[in-house]
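Asks: Got a structure for you, questions after.
The values are calculated or read from the model by the stated rules, or taken from the named source; none is laboratory data. Model, not experiment: these values are computed from the prediction. No Cβ is skipped: glycine too gets one built from the backbone with ideal geometry, and neighbour counts run over all protein chains shown. In case anyone asks, the SASA skips ligands and DNA or RNA and just uses the protein heavy atoms, side chains included. Shrake-Rupley method; radii C 1.70, N 1.55, O 1.52, S 1.80 Å.
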Amino acid sequence: MADLLVLRAIRGRARTLNLNGRGLQRVPGAVGSLTQLASLQLKSNCLCQLPGEVVALSNLSVLNLGNNQFTKVPEELKYLHSLQVLHMFGNRISEIPACVFDRLENLKFLNLNNNLIENLPVEIQKLQRLEKLSINYNHLQHIPKELCVLQNLCELHLGHNQLETLPEHIGYLSNLKELRIYRNNLTGLPEGLCRLRNLRILDVAGNQIQAFPSRMHETPLQELYCEENPLLLKEPVSAIQDEEVLSLKEITARHILNHPENESILREQIKHYPDAGRLLSGRNACALCGKWFLDMWLVCVKFVDVKKKMKTSNNVPLLPVKILLCSYQCFNQRHADIFGVAAQ
């Protein structure tokens with residue numbers, strides 16, 4: 001029956017072909033003759049590979065391979081230069097060959113939901129026109145920083161994965177409007193997230209977040225979903241301050257970071273020690289005195305009422321945002337609305 005439908009499409013010079021739910025175990029090779037085809041629907045079959053003939057579909061803009069039995073993204077896709085929408089949800093994909101993204105420069109929507117993907121290849125940065133990426137219900141353990149160069153990305157869906165962190169570079173996704181990373185293992189969010197001036201929806205429900213980045217309440221969010229996180233509550237208790245003892249590494253780092261008169265000489269020397277340069281690049285600035293420090297010394301929070309500004313989870317009357325201080329001296333001079341959380 002599928003072969004007959006393909007033959008009819010060839011005779012009619014069809015621009016669309018729907019072979020959904022046909023129980024196909026292979027795609028008829030004659031599909032390659034449909035050179036004017038713009039949309040090919042192959043959802044809900046038993047496919048695990050594509051025939052080489054599909055490379056002839058130079059005008060194909062929509063391809064639906066959802067609910068099949070693919071274990072990897074087929075390499076033949078790299079020849080479909082006109083492809084704009086690709087659905088591969090509901091398969092068994094655990095591998096994405098790096099070459100697949102080589103020439104999909106027109107792809108705008110990629111749906112990889114409900115698969116077994118653990119890693120994304122860094123070559124995803126080649127999808128420069130991508131506007132929506134959905135990888136919900138997979139096994140992702142990290143996001144490559146290369147994804148953060150996709151300047152046209154408006155929606156990023158990463159729910160139900162195994163992410164523990166997000167790259168600091170996420171702040172470069174300047175057109176991102178919707179970020180959904182619910183049901184992961186995130187213990188915090190990067191400060192870079194606060195640079196997303198177009199972000200309107202953030203869903204981080206069901207993670208392990210205690211406090212948000214320091215400028216989160218200044219972002220233009222309209223909706224924030226953060227239920228089922230162990231968010232800090234405004235319940236002050238008395239505490240004893242530990243003795244403030246800095247390590248030799250910390251003392252040296254603070255000397256380098258806070259003495260600009262030595263900067264040119266020291267920086268010149270540090271170029272010869274890349275490990276030291278990487279170490280210093282992880283510096284933090286004290287929220288009160290503005291001085292640089294290396295290791296997280298004292299984490300504090302302040303509680304911000306965002307109810308009037310955005311729609312948020314019902315059980316979050318006040319949003320805890322993180323404040324970093326460099327010493328107990330600054331802590332003892334803090335504002336009354338800043339509360340200590342932990343000392344290191």
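Asks: Quick one: 3J(HN,Hα) in Hz for the range 217-224, Karplus 6.51/-1.76/1.60 with θ = phi - 60°, rounded, Gly and Pro as x.
Replies: 6, 9, 6, x, 4, 10, 9, 9
Asks: Per residue of the chain, what 222 nm ellipticity follows from adding -39500 (n - 2.57) for every DSSP H run with n ≥ 4, rounded to the nearest 500?
Replies: After summing the helix terms and dividing by the residues of the chain, the value is -3000 deg cm²/dmol.
Asks: Using a basic spin-label model with each label point 7 Å from the Cα along Cα→Cβ, how many nm lie between R8 and V341?
Replies: With each label point 7 Å from Cα toward Cβ, the separation is 6.2 nm.
Asks: Enumerate the calculated ³J(HN,Hα) couplings along the range 150-164 in order (Karplus 6.51 cos²θ - 1.76 cosθ + 1.60, θ = phi - 60°), each rounded to whole Hz, writing x wherever the residue is Gly or Pro.
Replies: Calculated HN-Hα couplings, in order: 7, 5, 9, 5, 9, 10, 10, 10, 10, x, 6, 10, 10, 6, 9 Hz.
Asks: Hey, how much of the P(r) for the chain falls beyond 32 Å, as a percent of Cα pairs?
Replies: Result: 46 percent of Cα pairs exceed 32 Å.
Asks: How large is the accessible surface per residue of the chain, computed with a 1.4 Å probe and reported in Å² as a whole number?
Replies: 51 Å²
Asks: Given the C-alpha centroids of the range 20-40 and the range 86-162, what is the distance between them in whole angstrom?
Replies: Between the Cα centres of the range 20-40 and the range 86-162 lies a distance of 24 Å.
Asks: Tell me the label-point distance for the pair Q162, R197, using the 7 Å Cα-to-Cβ offset, in nm and rounded to one decimal.
Replies: It works out to 3.9 nm between the two label points.
Asks: Name the residue from T252, C300, A205 whose Cα lies farthest towards the positive end of the charge dipole of the chain, charges +1 on Cβ of Lys and Arg and -1 on Cβ of Asp and Glu.
Replies: Of T252, C300, A205, it is A205.
Asks: Additional query: Can you give me the relative contact order of the chain as a percent, contacts being Cα pairs under 8 Å and 6 or more apart?
Replies: 8 percent
Asks: Then there's this: For the range 169-183 and the range 311-341, what is the separation of their C-alpha centers, rounded to whole Å?
Replies: Value for the Cα centre distance between the two parts: 24 Å.
Asks: May I pose another question? Report the calculated FRET efficiency for K145 and K308 (r = Cβ-Cβ distance, R0 = 30 Å), to the nearest 0.05.
Replies: Working from the Cβ atoms, E equals 0.30.
Asks: Can you compute the label reach from V85? Point 7 Å from Cα along the Cβ direction, backbone N cut-off under 12 Å, restricted to the range 55-69.
Replies: Within reach of a label on V85, which here means backbone N under 12 Å from a point 7 Å along Cα→Cβ, the range 55-69 contributes 61-65.
Asks: A follow-up question, please. About its Cα centre, how strong a charge dipole does the chain have in debye, to the nearest 20, once Lys and Arg get +1 and Asp and Glu get -1 at the Cβ?
Replies: 1380 debye
Asks: Calculate, for Q333 and N59, the FRET efficiency according to 1/(1 + (r/R0)^6) with r their C-beta to C-beta distance and R0 51 Å; round to the nearest 0.05.
Replies: 0.15
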